[in-house]
Amino acid sequence: AKQVGQNHYEFHTPDMNSAAHERLSMETDLQRALQNQEFVLHYQPKIDTATKAIVSVEALLRWNHPTRGLVLPNTFIPLLEDTGLINPVGEWVLLQAACQAQAWIDAGLEPIRMSVNISAKQFRSHILVETVRRTLGASQLESRYLELELTESMFIENAERSIQIMQELKCLGVSLSIDDFGSGYSSLAYLKQFPVDYLKIDRSFVTDLVSNKKDAAIAVAIAALAHSLDLKLVAEGVEDQAQVEFLEKQGCHELQGYLFGRPVSAEELEQVLRQADRG
Ligand code: C2E
Ligand code: CA
Ligand code: CA
Ligand code: CA
């Protein structure tokens, strides 16, 4: 028997179905991926709604698998969480992203924030604050240029403890954002106590913003909430100009989506930043 989650065991029997085989083989591969340097970060720009300048990039993890090719995170992040590998991989992501941001500053580019996704398990692990502190030290990146993207679902289990962790992170000087806002179960009563800087409207509300009255109503409500709580509002999944116009009207501060750029390699993003700085 092999322990997978905290409370359940998975038994690998000779008649194990192919999905289980697939999962097991991915797990074995993941164990080697970090030491074999198969993980890479891609970067997607977030632009300032008013100036259209790139003010931030989100680091998005990819797995360059020797036979499967470039694997997207939704297929392997759950496996990283189940196996506990999310902690070492998450530490690598933080350091890699922070060093990249500092490298761009050292190369003379206009400083931008680097946003890093934090998984629920990482958030609950007692070493996160220390990891972020060490990352800042090792990369020499000023803390104001590091942003951590958290999701509402992380806070359900223990809201008081979550607020404490967020406060410790804020003390380091990093920015915090609530990702995928509206898609989880966050209590609005707690939201006002969260020491966060940004709310990111979930893509599910942005996609049909213009054609679907209900999605539009939710986006308007989230925008009003962000403004009244003095939080900056970010929209993800922006793909067309009609969405931009709607979100501009709602006072959305930053926009992210394929319209402004897909996630690309560090080299490609650097070209984009150079061009933007010249223009
Ligand atoms: P997310 O944090 O919500 O990231 C946004 C996802 O939406 C990314 O998918 C991005 O490529 C995609 N996206 C961006 N703009 C558009 C758009 O205009 N249209 C559409 N259809 N999609 C868009 P990706 O890179 O596959 O990442 C999926 C999820 O995996 C992320 O969702 C995040 O939850 C997780 N993830 C990615 N990197 C990391 C990481 O380093 N650590 C952790 N813990 N999770 C990560
Ligand atoms: Ca995110
Ligand atoms: Ca998101
Ligand atoms: Ca999402």
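Every number here is computed from the coordinates shown, using simple stated rules; none is lab data. What you see is a predicted model, and the numbers here were worked out from it, not measured in a lab. Using ideal geometry, Cβ is built from the backbone for each residue, glycine included, and neighbour counts are taken over all protein chains shown.
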*Would you mind checking which residues have amide H under 5 Å from C252's amide H? H placed 1.01 Å from N; only 5 or more apart, or other chain.*
none
_Alpha-carbon centroids, region 161-210 and region 54-69: separation in whole Å_ = 23
*Just for the chain, what percent of DSSP beta bridges are antiparallel, to the closest 5?*
45
_Sequence-distant residues sharing a close amide H with V264 (under 5 Å, placed H)_ = Y43, Q44
*Taking Cα atoms, how many degrees apart are the long axis of helix 159-171 and the longest axis of the chain, rounded to 10 and kept between 0 and 90?*
70
*Sketch the reach of a paramagnetic label on R203 as a point 7 Å from Cα along Cα-to-Cβ, and name the residues of region 164-180 whose backbone nitrogen lies under 18 Å away.*
178-180
*asked:* Let's see if you can work this out: charge +1 on each Lys and Arg Cβ, -1 on each Asp and Glu Cβ, no other charges. What is the dipole magnitude of region 133-279 about its Cα centre, in debye to the nearest 20?
replied: 320
*Treat each spin label as a single point 7 Å out from the Cα along the C-beta direction, and report the A107 to Q271 distance in nm.*
1.2
*Quick one: dipole size for the chain, taken about the Cα centre, charges +1 on Lys/Arg Cβ and -1 on Asp/Glu Cβ, in debye to the nearest 20.*
260
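As a test of the formula, what do you get for the chain when each DSSP H run with n ≥ 4 contributes -39,500 (n - 2.57) and the sum is divided by the residue count, at 222 nm and rounded to the nearest 500 deg cm²/dmol?
Per the formula, -13500 deg cm²/dmol.
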*Enter the angle in degrees (range 0 to 90, nearest 10) between the Cα long axis of helix 213-228 and the first principal axis of the Cα atoms of the chain, meaning the one along which they spread out most.*
80
*Relative contact order [Cα under 8 Å, 6+ residues apart], the chain, whole percent*: 18
_Can you compute 3J(HN,Hα) from phi for each residue in region 206-211, using the Karplus curve 6.51 cos²θ - 1.76 cosθ + 1.60 with θ = phi - 60°, rounded to whole Hz and x for Gly and Pro?_
7, 3, 10, 2, 7, 9
*For V71, which sequence-distant residues (separation of 5 or more, or a different chain) have an amide H within less than 5 Å of its own amide H, given hydrogens modelled in the peptide plane?*
W63, N64, H65
*Taking 7 Å along the Cα-to-C-beta vector as the label spot, tell me the S183-D240 distance in nanometres, rounded to one decimal.*
2.1
*Per-residue ³J(HN,Hα) for region 113-123, Karplus 6.51 cos²θ - 1.76 cosθ + 1.60, θ = phi - 60°, Hz, x for Gly and Pro*: 6, 10, 9, 10, 7, 10, 7, 4, 5, 4, 4
*Please report, in whole Å, how far the alpha carbons of the chain spread along each principal axis, starting with the longest.*
59, 44, 39
*In nm, what is the difference between 0.36 nm times the number of residues separating R144 and H227 and their Cα-Cα distance?*
27.7 nm
*asked:* Treating only the Cβ of Lys, Arg, Asp and Glu as charged (+1, +1, -1, -1), what charge dipole size does region 74-158 show about its Cα centre? Round to the nearest 20 debye.
replied: 160
_Under the Karplus curve 6.51 cos²θ - 1.76 cosθ + 1.60, θ = phi - 60°, whole-Hz ³J(HN,Hα) for region 66-76, x wherever Gly or Pro sits_ = x, 10, 7, x, 6, 9, 7, x, 4, 7, 10
*Cross-link pairs K170/K213; K46/K192; K121/K232; K52/K192; K52/K214 - those with Cα-Cα distance over 32 Å*: K170/K213
